[in-house]
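The values are calculated or read from the model by the stated rules, or taken from the named source; none is laboratory data. Source: prediction; values computed, not measured. Positions of Cβ are generated from backbone atoms using ideal geometry, with glycine treated the same way; all protein chains shown enter the neighbour counts. For accessibility, only protein heavy atoms count, side chains too; no ligands or nucleic acids. Shrake-Rupley method; radii C 1.70, N 1.55, O 1.52, S 1.80 Å.
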Amino acid sequence: KQWYQRRVRAPSTEEEEVDVIIRTFMQEQARNQGQRGRRNSVVDNIFRGEGQHLQETSSSPANADVGRQLAVIAVQLDEHFYHEETAQNIEVLERHPNNRSSNLGRIIQGVFQHGITAGHVMSLLIFGYRYINYLVNKGIDGAEGVCREIMSSIISYIRQYVITWIKSIGGWNGFLDEVKQYVKEQVEKLNNQITQQNLFVGFLVVVTAVNLGALYYRYK
């Protein structure tokens with residue numbers, strides 16, 4: 001069977017940490033939407049899931065705090081770097097709604113086709129939130145069940161294929177540091193691009209002014 005079709009079993013403590021962090025991340029994203037007047041109770045229920053129980057019983061409440069910090073960072077990442085890519089992935093999935101599960105699996109695997117990085121993990125989490133929110137707001141039949149399946153697929157993939165990498169960089173706190181470094185690098189790249197664009201525009205202005213000046217004196 002594919003990774004998203006395997007039998008569910010009782011999660012280990014390590015797997016519970018993944019569940020708590022991701023669901024807290026999603027809940028915080030929904031809360032941010034609520035502050036903008038777009039909160040949806042169905043979305044809240046999907047993201048809460050078993051997370052409410054896990055947050056109360058987890059031996060490490062800091063896991064929920066990691067999820068909240070990642071959610072704050074995700075707002076800026078989504079707005080400035082991931083928005084268009086996420087919209088394109090959602091459009092691809094909605095072309096064939098009857099094949100959501102298999103196509104979702106391919107998109108998730110595609111996120112990591114060049115390896116696992118902090119940026120790729122954040123891309124997946126942001127995509128998950130945006131897609132679930134999209135389906136609920138669209139009002140598809142059985143939206144809550146479909147969205148719970150999407151949520152479970154994302155959690156399952158991270159448990160099976162990403163958590164080992166996260167452990168290798170120092171656990172979730174190490175991952176949080178990696179995300180912050182990634183954001184810093186992306187902002188620097190963006191600033192450099194803006195600087196180069198401004199220089200190019202300035203160059204064009206100078207060239208235009210010189211040419212206009214030459215024409216003026218030529219036909220004066």
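In this rough spin-label picture, where each label sits 7 Å from Cα along the Cβ direction, the Tyr161-Lys184 distance is 3.0 nm. For Ile107 and Thr13, a Förster radius of 25 Å and the Cβ-Cβ distance give a FRET efficiency of 0.30, rounded to the nearest 0.05. At full extension, Glu85 and Ile140 could sit 17.5 nm farther apart than now, given 0.36 nm per residue minus the alpha carbon distance.
3J(HN,Hα) couplings calculated from phi for the range 80-89 with the Karplus curve 6.51 cos²θ - 1.76 cosθ + 1.60 (θ = phi - 60°) are, in sequence order, 9, 10, 10, 4, 5, 4, 5, 4, 5, 5 Hz; Gly and Pro show x. With a cut-off of 15 Å between beta carbons, the residues surrounding Lys184 carry a summed charge of -2, where Lys and Arg count +1 and Asp and Glu -1. For the range 78-128, the per residue solvent-accessible surface stands at 50 Å², with DNA, RNA and ligands left out and a 1.4 Å probe. Other residues whose C-beta falls under 11 angstrom from the C-beta of Ile126 contribute a net charge of -2, scoring Lys and Arg +1 and Asp and Glu -1.
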